[in-house]
Every structure is written in C-alpha cells, then in structure tokens.
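The values are calculated or read from the model by the stated rules, or taken from the named source; none is laboratory data. From a predicted model like this one, the values you see are computed outputs, not experimental measurements. Note: ideal-geometry Cβ built from the backbone for every residue, glycine included; neighbour counts use all protein chains shown. Note: areas computed on protein heavy atoms with side chains; ligands, DNA, RNA excluded. Shrake-Rupley method; radii C 1.70, N 1.55, O 1.52, S 1.80 Å.
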Amino acid sequence: MTEFYFIRHGVTSMNQQHRFCGSGIDVPLAPIGVAGARQAGQFLQNVAFAHAYSSPLQRAQATLANVLALNQNPRVPTVILPDLREIDLGDWDGDVLAEHQAEIQCQYYFKRPEQFDASVIHAEGYTDLEQRGRRALLQIFQADPTGNVLIASHGVFLMTLLQRVLGVPLAAIRQHGLLANASVTQLSSSDGTHFTKQLWNDTSFIK
C-alpha cells in the first residue's frame, strides 16, 4: 500500500490577478505562496517520504522544496515528472479570466467539462490530462509500491485527476471547485490505479 500525499502549489501572482495559468506560464511563488508552502511543510514534517515528485514548473518545484525543507528527512529523493504539469491552456494562457467568460468554450471549461473542446483554443482537453495523470500515478506506484510519496502539482491537474481516479464523472469534476493553493490531499492505493480517499483539500494548517 502506498500513501500518496498531493499538494497544490502555493499562491502565485497569476492566481492573485485571476489569470489563466496553465503549463505555458512558468511563474514563481508569491511571498504568501512561500508562506503557505512552509505551513504545509510544518503540517507534513513528521511524514517519512520515500520519494517526492514535482511538476517541472517552478511554482510546483518551489512548493516542494519549501515543504521538504521542514521535513524530518529533508534529503528525500526528488524526481521531476513532466506528466505532473498543469493543463495546457493554449490561447488563454496568461489572460485575465474575465476576458473570456462570455465565450462558449470558457463556459464549458468551467461548468460543463465534458463538452469542452480544447482544440478551439489550441489547448489540452480534460481527457488527455487525465490520461497522462494516470500514467504518472502508475509510474510513481511502480517505483514506490509501499510507503509514503509526496507529489507537488497544480489546481486543474489535481482537481481533474484525483476526482476521476475516485470515480467522479467528468461532468461533475468542477462541482466543488479547485483544490486550494498549498492544500494537502491524501489518497491510498495498493495497485496504482484504484484509490481510496484519506484526506481531501486540507488547509487547516494555513494561518
């Protein structure tokens, strides 16, 4: 059995400005994002991680580094996995969300994900994101079939992947919104494909 601890990266300036921030935008953490990551690190400081994994984007890598800096074993082996990157938002990346809210694909993106046609904006669809996410989880499980692993990734990626592996229909993945910045979610798996929820979107440690 492997315990998967997922953390969404801390707050960035793009989050604060309410902009689309997909895999094509590589921004650092804002000061409040660093603080949130360190508070998550305090929350997880007594968890012994066999490995840690991160998206290649700097906001995820910095979050992971701040968490591990406070861990009982700060020298946890770390792997950068491209499949953990955020969704590719194509033409929207970097734009203010409100600029696109009247567009039908934007409405589908937020309210009817099963109808979102990513090709219209040269982006990545939810199904493609899910497929590479499942591939990453299986790869991680095969490397660590027992113990604890820490994964730093992104809002849309984690929202989509974690709900889908828990059996939530694609049409319903947005009903409860994104996981919060610097939140911790814990799932268990004995095979890397089937998961049980232990902790969801916990931000109780953020002050």
(message) Among the listed residues ILE32, ILE25, ILE7, identify the single one that is in contact (Cβ under 8 Å) with a residue 12 or more places away in the chain and in a loop (DSSP other than H, G, I, E, B).
(response) ILE25
(request) Report whether or not SER153 is open to solvent by less than 10 Å² (accessible area, probe 1.4 Å), within 24 Å of ALA48 (Cα to Cα) and touching a helix residue (DSSP H, G or I) at 6+ places or on another chain (Cβ under 6 Å). (result) yes
(message) Suppose we filter segment 80-94 for residues that are assigned to a loop (DSSP other than H, G, I, E, B) and aliphatic (A, V, I, L, M); how many remain?
(response) 3
(message) Suppose we keep only residues that are over 18 Å from GLY125 (Cα atoms) and aliphatic (A, V, I, L, M) within segment 75-109. Which one would you say is most open to solvent (accessible area, probe 1.4 Å)?
(response) ALA102
(message) For segment 37-46, give me each residue that is part of a helix (DSSP H, G or I) and open to solvent by 60 Å² or more (accessible area, probe 1.4 Å).
(response) ARG38, GLN42, PHE43
(request) Tell me, please, whether a residue that is in contact with a Ser or Thr (Cβ under 7 Å, 6 or more places away or on another chain), assigned to a loop (DSSP other than H, G, I, E, B), open to solvent by less than 10 Å² (accessible area, probe 1.4 Å) and in contact (Cβ under 8 Å) with a residue 24 or more places away in the chain can be found in segment 47-61. (result) yes
(request) Those residues that are of a type in the set (Ser, Thr, Tyr) and under 12 Å from GLY33 (Cβ atoms), I need them from segment 59-82; list them, please. (result) THR63
(request) Would you check which residues across segment 10-34 are open to solvent by less than 10 Å² (accessible area, probe 1.4 Å) and under 16 Å from SER54 (Cβ atoms) and list them? (result) GLY10, THR12, GLY33
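From the residues in segment 147-176 that are assigned to a loop (DSSP other than H, G, I, E, B) and touching a residue at least 60 places away in the same chain (Cβ under 8 Å), which one is nearest to TYR108 (Cα to Cα)?
ARG174
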(message) If a residue must be assigned to a strand (DSSP E or B), open to solvent by 10 Å² or more (accessible area, probe 1.4 Å) and not basic (Lys, Arg), how many such residues does segment 177-207 contain?
(response) 7
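Can you confirm whether segment 124-146 contains a residue that is open to solvent by 50 Å² or more (accessible area, probe 1.4 Å), in contact (Cβ under 8 Å) with a residue 60 or more places away in the chain, under 30 Å from ALA50 (Cα atoms) and not β-branched (Val, Ile, Thr)?
Yes, segment 124-146 has at least one match.
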(request) Would you be able to say whether some residue in segment 5-17 is in contact with a strand residue (DSSP E or B) (Cβ under 8 Å, 6 or more places away or on another chain) and of a type in the set (A, V, I, L, M)? (result) yes
